[in-house]
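Heads up: the structure comes next, in structure tokens.
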Amino acid sequence: MKRVVGVFKPFATKQRLLVYEDGNRIDAVEVPILEVADTLFNLAEKYEIDRVDLTGPKQFTRGLVSQFQTLEKTKYNK
């Protein structure tokens, strides 16, 4: 199973996203905080991801999830 793992630090300007397949890391990306939702979406498409695990402060992570869901709705509604 492939998945993206993101451990977020709210005061860091760049966040790290890791892509795993069966427990082995296959990709790592460091992106500015404003580009996390777009990058998550692109990684999910590129690697055919079926699971995204995000950890960090609750409110911060909820905001990122909301951005990702909005982007997903916008893209698939077209």
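The values are calculated or read from the model by the stated rules, or taken from the named source; none is laboratory data. Bear in mind that the values here come from a model prediction, so they are computed numbers and not experimental data. We place every Cβ from the backbone using ideal geometry, glycine too, and count neighbours over all the protein chains shown. Just the protein is used for accessible areas: all its heavy atoms, side chains included, with ligands, DNA and RNA removed. Shrake-Rupley method; radii C 1.70, N 1.55, O 1.52, S 1.80 Å.
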What whole-number value in Å² describes the accessible area per residue of the chain for a 1.4 Å probe?
70
Give me the percent of the accessible area of the chain that comes from carbon and sulfur atoms, probe 1.4 Å, all protein chains in place.
49
Please identify the chymotrypsin sites (Phe, Trp or Tyr not before Pro) of the chain that satisfy two criteria: DSSP loop assignment and at most 16 other Cβ atoms within 10 Å. Which are they?
PHE11
So for R0 = 22 Å, FRET eff. of LYS14-THR74 from the Cβ-Cβ r, to 0.05, ends up at 0.35
Which entries of LYS46/LYS75; LYS14/LYS73; LYS2/LYS46 show an alpha-carbon separation above 23 angstrom in the structure shown?
LYS14/LYS73
What is the chain by shape, rounded, prolate or oblate, if you read a ≥ b ≥ c off the alpha carbon gyration tensor as root eigenvalues and call it rounded for a/c under 1.5, prolate for a/b larger than b/c, and oblate otherwise?
oblate
Report, in deg cm²/dmol and to the nearest 500, the calculated mean residue ellipticity at 222 nm for the chain, where each DSSP H run with n ≥ 4 adds -39500 (n - 2.57) and the sum is divided by the residue count.
-13500 deg cm²/dmol
Restricting to Cα pairs under 8 Å and 6 or more apart, the percent relative contact order of the chain works out to 33
Could you sort LEU17, LEU34 by accessible area so the largest value comes first, with the probe set to 1.4 Å?
LEU34, LEU17
